[in-house]
Amino acid sequence: MEEIVQSFFNAEIARAAMPIVLAGLLNTVLLSLLVVPLGVIGGLILALLAQVKSPAVRWPLMGWVDFFRAFPPLVLLILLFAGLPFAGLELGGFACVAIAFFLNTGAYYGEILRAGIESIPRGQVEAARSTGLSGMQTMTWVVLPQAVRNVLPDLLSNTLEVVKLTSLGSVVAVPELLFQARQAQSVTYNPTPIVMAAVIYFLILWPVVRLLSRLENRALAGRG
Amino acid sequence: MTSTVAEPIVVARGIHKHFGHLHVLKGVDLEVVERELVFVIGPSGSGKSTLLRCLNRLEEPNSGSITVAGIDMLSPRTDINHARQHIGMVFQSFNLYPHMTALGNVTLALRKVVGKSRAEADKLAHAALERVGLADRAGHRPAELSGGQQQRVAIARAIALEPRVMLFDEPTSALDPELVGSVLAVMRSLRESGMTMIVVSHEMGFARAAADRVVFMDNGLIVEQGPPAQIFEQPAHERTRAFIGQIRQH
């Protein structure tokens, strides 16, 4: 028992590692604030393109989305980080994470938003267009607000995944929460910092999980 | 109509519309003069709704020509969004924006299409809601309104743009019988204010009381047309007679 506390819940080590781990938390937050909007914007572009019925847009788009949904994000990240320098393009870890997430999570956000847009009855668009709104205005003011509301639980759920996936940044030396915790672990020869990271992830994500449950219950109740 | 030379405000000529293999409109001609109320009746699948939807180009006709208020609706040079401001449309299923209040539904196009300020748009929208008898419901969402009230908000949304023509696509078909009257009352008052209206509907009582002309369509063509008394009492065609007899039984 004593040994377990010493290894995993070592107060002394926790105190010493705290600044390092907190610096990691800050980077995780910054990284999330970068990759979530990037993914949403990428997804929005894909979802809007999916509304174009022309096969010249439709097929390449489908290929793109399928490809990046099937491509493991860790492999994509390492490929960018380790492969691009051979193409004469040396991007930092941070930029590689941003690009990989734009491609990977954008495809996921795109599918969610597309489903949301397609859940809106045709009559909504017709009513808006009949009053003279352009296609883009109709999308902005009539379709998207309703579409986002319809798929809010899915969007939130995906966002939760994206925040957790930022820990992949540790592989390419982005000093986010997991990376910093591992640094602290390797200098202290003690896994307590990893436990700290786990607790921090839980503390910041648990409220989102709660919110998600409530939204899902409300959606179920609304359907009944 | 009276002897004043009433210029037609809607002129549709030789309208053909195909949906895949279906030939839904087979060369329809329709002229409507200003302040006229034209009723379009006919069995389902006769093409009457499609004809209406061609007039504001919600459906793209395969051939023919359409002019509304002097605007060539089918010309690629026509700014269709601008042209549609002159043509109000009311749908069977209301199609109110559920995420907006009644007022928001009415102000959206006023602000985004016409370019009114929020204050101006609110004022015009309140006036439009007043005309349909729903000034006190401005802050309600569609879900908080009855079907009849929703349809009246939809009418307010269209008339707030001061259209030259109003198209009604089965405006009372989705309503409980006791709510139909309130919508017809609004349509009657619109008619009295001189609005040009084209109505696809089977409200025979209303047609008889308010319509200038009834158009009977069947199988993608106009079979006959004339004043309501003539079409309802002495239809010239057997198909018209059969159809009138059928809807009378209901």
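Before moving on, here are some points about what is shown:
- Relative to the compact-globule estimate of 2.2 N^0.38 Å, the Cα radius of gyration of chain A comes out at 1.25.
- Helical mean residue ellipticity (222 nm; -39500 (n - 2.57) per DSSP H run of 4+; nearest 500) of chain A: -25500 deg cm²/dmol
- Label-to-label distance for A:L203 and B:H202 is 6.8 nm, based on points extended 7 Å past Cα in the beta-carbon direction.
- Across the range A:67-130, C-alpha contacts under 8 Å between residues 6 or more apart give a mean separation that, scaled by the residue count, equals a relative contact order of 35 percent.
- Residues losing 20 Å² or more accessible surface upon assembly, the range A:111-135, compared with the chain by itself, 1.4 Å: A:G123, A:Q124, A:E126, A:A127, A:R129, A:S130, A:T131, A:G132, A:L133
- Over chain B: helical MRE at 222 nm, DSSP H runs n ≥ 4 each giving -39500 (n - 2.57), nearest 500: -10000 deg cm²/dmol
- Applying the Kirkwood pairwise sum to the alpha-carbon positions of the protein assembly as shown produces a hydrodynamic radius of 26.6 angstrom.
- Accessible surface of A:F81 - all protein chains present, 1.4 Å probe, nearest 10 Å²: 80
- Treating each Cα of the range B:148-190 as one equal point scatterer and applying the Debye formula with no solvent, the log10 of I(q)/I(0) at q = 0.19, 0.21, 0.28, 0.29 Å⁻¹ comes out as -0.53, -0.65, -1.09, -1.16.
- Listed by number, the DSSP H helices of chain A that run 18 Å or longer by alpha-carbon position along their axis and have mean Kyte hydropathy of at least 0.5 are A:11-49, A:93-118, A:152-165, A:192-223.
- The range A:49-97 - Debye-derived log10 I(q)/I(0), Cα point model, q = 0.16 Å⁻¹: -0.61
- Relative contact order (percent, whole number), chain A, Cα cutoff 8 Å, 6+ residue spacing: 32
- Calculated accessible area for chain A comes out at 54 Å² per residue, all protein chains present (probe 1.4 Å; ligands, DNA, RNA ignored).
- Binning the C-alpha pair distances of the range A:1-125 at 10 Å intervals from 0 yields a P(r) profile of 12, 28, 25, 18, 11, 5, 1 %, listed from the shortest bin outward.
- Most tightly packed first, judged by the mean number of other beta-carbon atoms within 10 Å of their residues, the peptides A:22-33, B:228-239 read A:22-33, B:228-239.
- Buried area at the B:A interface is about 1700 square angstrom, summed over both chains, from accessible surfaces computed with a 1.4 angstrom probe.
- For chain B, the longest principal axis of the Cα atoms and the long axis of helix B:177-192 meet at an angle of about 90 degrees.
- For the residues of B:91-99, the average number of beta carbons from a partner chain within 10 Å of their own beta carbon is 5.
- The B:A229 and B:E60 beta-carbon pair, evaluated with R₀ = 35 Å, returns a calculated FRET efficiency of approximately 0.45.
- Per principal axis, descending, Cα span of the range B:199-250 in whole Å: 25, 22, 20
- Per-residue accessible area (protein heavy atoms, 1.4 Å probe) orders A:T138, B:T101 as B:T101, A:T138, starting from the largest.
- A:M136-B:H18 pseudo-label distance in nm [points 7 Å out on the Cα-to-Cβ vector]: 3.4
- Alpha-carbon Rg with Dmax, taken over the range B:122-250, Å: 16.4, 51
- The range A:21-61 has equivalent-ellipsoid semi-axes of 35, 8, 4 Å, by the square roots of 5 times the alpha carbon gyration tensor eigenvalues, sorted largest first.
- Computed over protein heavy atoms with a 1.4 Å probe, the carbon and sulfur contribution to the accessible area of the protein assembly as shown reaches 59%.
- Antiparallel bridge percentage (DSSP; both residues within the protein assembly as shown; nearest 5): 55
- Aspartates and glutamates whose Cα lies under 18 Å from that of A:K164, excluding same-chain neighbours fewer than 8 positions away: A:D154, A:E176
- Choice from B:A128, B:A143, B:A69 with maximal GNM fluctuation in chain B (Cα, 10 Å cutoff): B:A143
- Proximal aspartates and glutamates to B:K112, defined as alpha-carbon separation beneath 18 angstrom and excluding residues fewer than eight positions away on the same chain: A:E126, B:D79, B:E120, B:D122, B:E162
- Percent of alpha-carbon pairs separated by more than 22 Å within chain B: 55
- Proximal lysines to B:K26, defined as alpha-carbon separation beneath 20 angstrom and excluding residues fewer than eight positions away on the same chain: B:K17, B:K48
- Using C-alpha pairs under 8 Å with a sequence gap of at least 6, the mean separation divided by the residue count of the range B:1-152 gives a relative contact order of 18 percent.
- Percent breakdown of C-alpha pair distances by 5 Å bin, ordered from the shortest bin, for the range B:47-164: 2, 12, 21, 21, 17, 14, 9, 4, 1, 0
- Remark: accessible surface ordering of A:W59, A:W141 (largest first) is A:W59, A:W141, probe radius 1.4 Å.
The values are calculated or read from the model by the stated rules, or taken from the named source; none is laboratory data. As the structure is a prediction and not an experimental result, all values here were calculated from the model. So basically every Cβ, Gly included, is an ideal-geometry build from the backbone, and we count neighbours across all protein chains shown. Just the protein is used for accessible areas: all its heavy atoms, side chains included, with ligands, DNA and RNA removed. Shrake-Rupley method; radii C 1.70, N 1.55, O 1.52, S 1.80 Å.
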